[in-house]
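Every read-out reported here was derived from the displayed coordinates using simple, explicitly stated rules and does not represent laboratory data. What you see is a predicted model, and the numbers here were worked out from it, not measured in a lab. Virtual Cβ from ideal backbone geometry, glycine too; neighbours counted across all protein chains shown.
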């Protein structure tokens, strides 16, 4: 599509390309793209001019292993780098022993025409991990950008990355939102991600692309690990997470993942080994963290989702209380707060098991009514202080957007009628704030926990059924006013575990 002979160095996209790259496969997403994702040539030039004025323009190294890529896809991938608004980049291409003459000819032509493209060819196919490490060895930039050989960067991707790095220079890892390219080369399947969520990562690699690492962090990690082919990115971020990096999320669609017949994006069973490698990577990560656990695929969901069963230390004790009893003296390690719900021991064990992770201070579970519909599958804290109950009223077997009802994930607040709190955290924070008379006391405690460095987890595998006496949480207006005034800045910044481009007005996570 973009492969031409004897072309000069490409530096500026055409208006036609920018327009065509904003076409969506779905009407709803097309409307969103028109309002939030369309970049004109004038917009692009403004970004370029701003970047040129920056005194510090770090070199970004884009690493791309190549193997028998269709020339049109490969050329479009490279073109998307050549037309970046941010100009200070290099692209490190490693051909992993391609035997497709068209792929080889495309690579050699493009590299010949643009000195910013660096190519290393392997004499035989050695696998994506080896090829990736070869590309990393070529990289000279202070940050490394991962780009698959048939995908595409948004024209402002590198600009937005460097803009963030200029504001937060201690950042180690950056990731962005992404969407997919259909076989018609149109955009769809948007993935609007939460901010950095360490426990969500244990349910699967929600990060995908765009992913940018500080190069010296990659060197410390030793690059990707041979033997983890297909899940090398997942294994890498799991290992990186153990070094306590500073991770930042760019809530912008800066990466377009191509869907075609051979890709995992279209056919999940095309690379079964990738999911087996994912299980192994996750199991090893838990072992390195001294967490006893069993890992398996989550069979209720599409592939790439995992179920972690953490084992509870025998020495740990818990006590079950109601919300109005929680300020009583309790000597147990964990305080389990339950309202009018039925449950079994397995759900209690699942609930407290996630407190085995040191930085997790609160865990909340799933609540369904007697008809099997969601009452609680995770709350989102809204600007007005009244939480949004995601997928409330939907059937329990609804996996939802990003499978959020069906995976263990990070949240900002628990349900006041279903949660467990570490007693050590309870003591550290001084218990509930007596300024509140109702459920807002738990929300206030949760935000105090978050801002103290502890995390909160939702697990759907701790299942609670509302009894016939169940009463919905009453969000008292007097308490709401106190809560909003106290947490005004936090609330205006938005719930970090809910993407700002997702609706806060409906429960099914529609587009804003």
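Over the chain, Cα pairs under 8 Å with separation of 6+ residues give a relative contact order of 12 percent. Calculated on the Cα set of the stretch 431-512, radius of gyration then Dmax: 14.9, 39 Å. Answer rounded, prolate or oblate for the stretch 24-284, using the Cα gyration tensor with square roots of eigenvalues a ≥ b ≥ c: rounded when a/c is under 1.5, else prolate when a/b is larger than b/c, else oblate. The shape class here is rounded.
Rg and Dmax over the alpha-carbon atoms of the stretch 112-153 stand at 11.4, 30 Å. Here the residues 445, 208, ranked from fewest to most Cβ neighbours within 10 Å of their Cβ, fall in the order 208, 445.
Fewest Cβ neighbours within 10 Å first, please rank 255, 458, 206 accordingly. All intermediate terms of the calculation are to be shown ahead of the outcome.
Details: 255 26, 458 31, 206 21.
The fewest-first ordering by Cβ neighbours comes to 206, 255, 458.
Remark on the stretch 59-211: Rg and Dmax equal 15.7, 45 Å (Cα only). For the chain, the longest principal axis of the Cα atoms and the long axis of helix 157-167 meet at an angle of about 60 degrees.
How many Å³ per residue does the convex hull of the Cα positions in the stretch 170-249 occupy?
Values: hull volume 8.9 nm³, N = 80.
It comes to 112 Å³ per residue, whole-number rounded.
Compared with the rule-of-thumb size 2.2 N^0.38 Å for a compact globular protein, the stretch 26-143 has a Cα radius of gyration ratio of 1.24. As a proxy for reagent exposure, 243, 218, 59 were ordered by neighbouring Cβ count within 10 angstrom, fewest first; the result is 243, 59, 218. Over all orientations, the stretch 318-493 has a Cα convex hull whose mean projected area works out to 9.6 square nanometres.
If you average the C-alpha positions of the stretch 344-420 and of the stretch 466-495 separately, how far apart do those two centres end up, in angstrom? Spelled out, the Cα-based centre of one part sits 16 Å from the other. In the chain, the longest principal axis of the Cα atoms and the axis of helix 128-138 are about 70 degrees apart. Coordinate range of the alpha-carbon atoms in the chain per principal axis, descending: 78, 45, 43 Å.
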